[in-house]
Each structure stands twice: as C-alpha cells, then as structure tokens.
1. Select from the stretch 85-118 the residues that are in a strand (DSSP E or B) and crowded, with 17+ Cβ neighbours inside 10 Å and list them in ascending order.
2. SER25: under 21 Å from GLY103 (Cβ atoms), in contact with a Gly (Cβ under 8 Å, 6 or more places away or on another chain) and of a type in the set (S, T, N, Q), yes or no?
3. Quickly run through the stretch 1-49 and pick out the residues that are over 18 Å from VAL81 (Cβ atoms), in contact with a Leu (Cβ under 7 Å, 6 or more places away or on another chain) and surrounded by 15 or more Cβ atoms within 10 Å (Cβ to Cβ).
4. What's the total number of residues in the stretch 11-51 that are in contact (Cβ under 8 Å) with a residue 60 or more places away in the chain and aromatic (Phe, Trp, Tyr)?
5. Please go through the stretch 27-46 and pick out each residue that is farther than 24 Å from PRO10 by Cα and not charged (D, E, K, R).
6. What number of residues in the stretch 41-65 are assigned to a strand (DSSP E or B), over 12 Å from the mean Cα position of the chain (by Cα) and modelled with pLDDT of 95 or more?
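The values are calculated or read from the model by the stated rules, or taken from the named source; none is laboratory data. Nothing here was measured: the structure is a model prediction, and the numbers come from that model. Here Cβ is always computed from backbone atoms with ideal geometry, including for glycine, and neighbour counts include all displayed protein chains.
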Amino acid sequence: MISGLEIYRPGIGWLLGEPERVILSPGDVLRVSVNVPYRGPAQTFTLYGGMGQRGFFGFDEILVARAALPCPESPDKYTSVSGIVDIEILGSAFTGIGGISAGVNYDLYVKIEEKPEIWAGIDNIIDIAGEDGGSNSTGMLGMMLPLMMLGMVMPLVTEGVKE
C-alpha cells in the first residue's frame, strides 16, 4: 500500500527516499505516497500518517498528519486510488517535550482513518539526525546564559565608577 517516500528539505527541494532507510532532520517533510484499491460510491476518506515507535503496547505516535483521499465512483470493479500525506518533522525542545527526538529506527504507518483496519506500515525505516534534546534550543540557551550573567554582573562592577 505504501508506494513511495519523498523528502522535502528546505533550500534543496524534493528528494526520493531510499526504500531501506530515510534520514530526516527537523524542518524536513516526509511525503508518503499510497495506492489503495477501492470499490464503491464516490466519497472522500481521511488518509492518516504516523511516525513513532512500535512497542509492546502498540504504536507510540510521535508525529502525525492527515490528508484527504478522494475516491471516485467505482461500483463494479476495484480502482487503484493514489493519495499523499505530508508529515512535517518537528524537532523536540531541549526539555524533550514536543516533536521528535534524534534517534534511529523510527517506524511509519498509514491508515484510512474511517476504516482503521486498512493500513500499511514499515518498521525501522526512519532515522532522525541531530543531537538528542533538540540542538537548536540548546544552542540558543548556551548563547543566552552568558549574556544574562553579564547583564547581572555589569551593574555591580560599574557601581561607584566616576563618569
């Protein structure tokens, strides 16, 4: 059912993902293409894509996205319907809250939200590049702390100095 993976990297454009391993960074978009056999009246379903980790208690969704999946009328025979869902890769903050942390072997699955029994997944296909804990937030905090300390110390040092 999952027919293709593409990566949108800001400043570069769309790239084809390798079928065995996809390496993403915060700010990227993972485009998941699917083909679904459909028979029935014309209607629109919701394509639901999730990234996370499959575990003992089920799938731990970390990032999700939804997209419309319009299906044409096809009362007699099955028609192949193509759909796309774009999952934006959001990095986690330095506290580890929100977004996805750097790591390897994340899983991917796509389902039709109105019919959850229709799904497909690929385990251990995604790696998220970067430092654990969100390097962007940590870097900014690392720059701000010395400035804040300087702001607190300067009034003490300049006190009593003649102008």
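1. Matches in the stretch 85-118: VAL85, ILE87, GLY91, ILE100, TYR106, ASP107, LEU108, TYR109, VAL110, LYS111, ILE112.
2. On the way: under 21 Å from GLY103 (Cβ atoms): yes; in contact with a Gly (Cβ under 8 Å, 6 or more places away or on another chain): yes; of a type in the set (S, T, N, Q): yes.
Against the criterion (under 21 Å from GLY103 (Cβ atoms), in contact with a Gly (Cβ under 8 Å, 6 or more places away or on another chain) and of a type in the set (S, T, N, Q)), SER25 qualifies.
3. Just the residues of the stretch 1-49 that are over 18 Å from VAL81 (Cβ atoms), to begin with: 5-30.
Then drop every residue that is not in contact with a Leu (Cβ under 7 Å, 6 or more places away or on another chain), which leaves 5-7, 9, 17, 22, 24, 26, 30.
Selection gives LEU5, GLU6, ILE7, GLY17, VAL22, LEU24, PRO26, LEU30.
4. Looking only at that region, the number is 2.
5. Taking the stretch 27-46 and keeping what is farther than 24 Å from PRO10 by Cα, we get 35-46.
Across the stretch 27-46, the qualifying residues are ASN35, VAL36, PRO37, TYR38, GLY40, PRO41, ALA42, GLN43, THR44, PHE45, THR46.
6. Of all residues in the stretch 41-65, those assigned to a strand (DSSP E or B) come to 43-55, 58-65.
From the residues that got through so far, the ones that are over 12 Å from the mean Cα position of the chain (by Cα) too are 43-48, 53-55, 58-60.
Restricting the remaining residues to those that are modelled with pLDDT of 95 or more gives 43-48.
Qualifying residue count for the region: 6.
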